[in-house]
Amino acid sequence: MLRGVLLKASGSPWLKDHLMRRRFASRAVRKFMPGEHLEDALDAAANFRQHGIGTVITQLGENVTQRSQAEGVCQHYLHALEEVRSRGLDAEPSVKLTQLGLDVSQDLCAQLLDTIAARADALGNYLWVDMEGSAYTDVTLELYRALRSKYRRTGVALQAYLRRSPNDLEQLLSIGATVRLVKGAYREPADIAFQGKQHVDEAYYALATRMLRAKKDDANSGRMIFGTHDMRLFERVVKFASDNGIAGTAYEVHMLYGIRTNDQLRLVKEGYKVRALISYGTAWFQWYMRRLAEKPSNLWFVVRSIVG
Ligand code: FDA
């Protein structure tokens, strides 16, 4: 129930206004992000690199309403790509399409996405597309498919909680897509998405095993990513892979900065390919509310930050 309340609260302009001005809130947010600037993310990426962990970097922000804002975001990512290269980092950018102007115009978004993907491709980097609320699933997949037909070095997130995802996965596999499988972080109605953890976990496992089978059938298929901190579920996936003769290096596990860092370090030592997704920026309110909703006991950090 608390998850629903927190996700609903993420849409409250009043709360956003009040929370973002509070010092304790920015202190609490630091658990999940190294800072507000690109440099903070790159410094953190350099630190992860020393431990053999790659990164994905994303500037926070969603649902921009002005063309100029979207163009600014595009310029930011082009700059980020150059910085990653000049610092010799293994950091791949990930974008939200509503941050690239999807609500302003689909054509604008497609054009900006293409610009970033082209640069990432030229630099030997990669571009990830996040998946947002279900109102955007169709258009995100449509834009990703168009992108993937031009640039192989692109991937998209797929949300296991959506009832439609098995069909979407088949379509993605048929074009050799790179898929980052996640459980899903938004508030969705029961006719669209599974609600309970057990149902979502089973849906995740079914999709994960389908991805692994596709990898086994075609070693040249896209990268297969399991974006989760659920170690019990990940171990089931690993067991399926090893039972079916699929090497641990055939897939990757991605986690969020600040969550289960010990497991990230342990898995990389065990030989898995691990990436940490680092978010940065000032537009952290909605994103932070989703992190609280994933684990409501995170509210204690907020309380401790108020006290601290
Ligand atoms: P689950 O929520 O069951 O958590 C398992 C365990 O992990 C918890 O018991 C807890 O110990 C720990 N944990 C999980 N979340 C935590 C948190 N916030 N704070 C502290 N501990 C936590 N979603 C989406 O809709 N679109 C997207 O594009 C992405 N992209 C994405 C990329 C990557 C790399 C990751 C890891 C996640 C996403 N997500 C996402 C978020 C995803 O949908 C999901 O909400 C979270 O990963 C939480 O689900 P878990 O799989 O971790 O399992």
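A few points about this structure:
- In a simple Cβ point-charge model (Lys, Arg +1; Asp, Glu -1; nothing else charged), the chain has a dipole of about 920 debye relative to its Cα centre.
- Cut-off 13 Å between beta-carbons: net charge of the residues surrounding Leu15, Lys and Arg +1, Asp and Glu -1: +3
- With K and R counted +1 and D and E -1, the other residues having a Cβ less than 12 Å from that of Asn167 yield a net charge of 0.
- Charge dipole of the chain about the Cα centre (unit charges at C-beta), most positive-ward option of Met211, Gly227, Tyr136: Gly227
- Summarising the label geometry, the points placed 7 Å from Cα in the beta-carbon direction at Lys197 and Lys31 lie 1.6 nm from one another.
- Cα gyration tensor shape of the chain, rounded if a/c is under 1.5, else prolate or oblate by comparing a/b with b/c: rounded
- Using the Cα coordinates of segment 145-187, the gyration tensor eigenvalues translate into equivalent-ellipsoid semi-axes of 20, 11, 7 Å, sorted from longest to shortest.
- Rounded percent of accessible protein surface that carbon and sulfur make up, the chain, 1.4 Å probe: 50
- Basic side chains Lys and Arg get +1 at the Cβ, acidic Asp and Glu get -1 at the Cβ, and with that the dipole of segment 1-105 about its Cα centre reaches some 640 debye.
- Largest mean-square fluctuation among Gly88, Gly184, Gly222, in a Gaussian network model of the chain whose springs join Cα atoms under 10 Å apart, belongs to Gly88.
- The residues packed around Leu265, meaning those with a beta-carbon under 15 Å from its beta-carbon, carry a net charge of +4 if Lys and Arg are +1 and Asp and Glu are -1.
- Shape of segment 1-140, Cα gyration tensor, a/c cut at 1.5: oblate
- Calculated P(r) of segment 178-308 - Cα pairs past 17 Å, %: 64
- Label-to-label distance, Glu82 versus Ser12, with points set 7 angstrom from Cα along the beta-carbon direction: 4.2 nm.
- Relative contact order (%) - segment 136-235, alpha-carbon pairs under 8 angstrom, separation at least six: 29
- nm² value of the averaged projected area, convex hull over the Cα atoms of segment 1-52: 5.2
- Taking a ≥ b ≥ c as the square roots of the Cα gyration tensor eigenvalues, segment 265-305 comes out prolate, since a/c reaches at least 1.5 and a/b is larger than b/c.
The values are calculated or read from the model by the stated rules, or taken from the named source; none is laboratory data. Here the structure is a predicted model, which is why all the values come from computation and not from measurement. Note: ideal-geometry Cβ built from the backbone for every residue, glycine included; neighbour counts use all protein chains shown. Remember, those area values only see protein heavy atoms, side chains included, never the ligands or the DNA or RNA. Shrake-Rupley method; radii C 1.70, N 1.55, O 1.52, S 1.80 Å.
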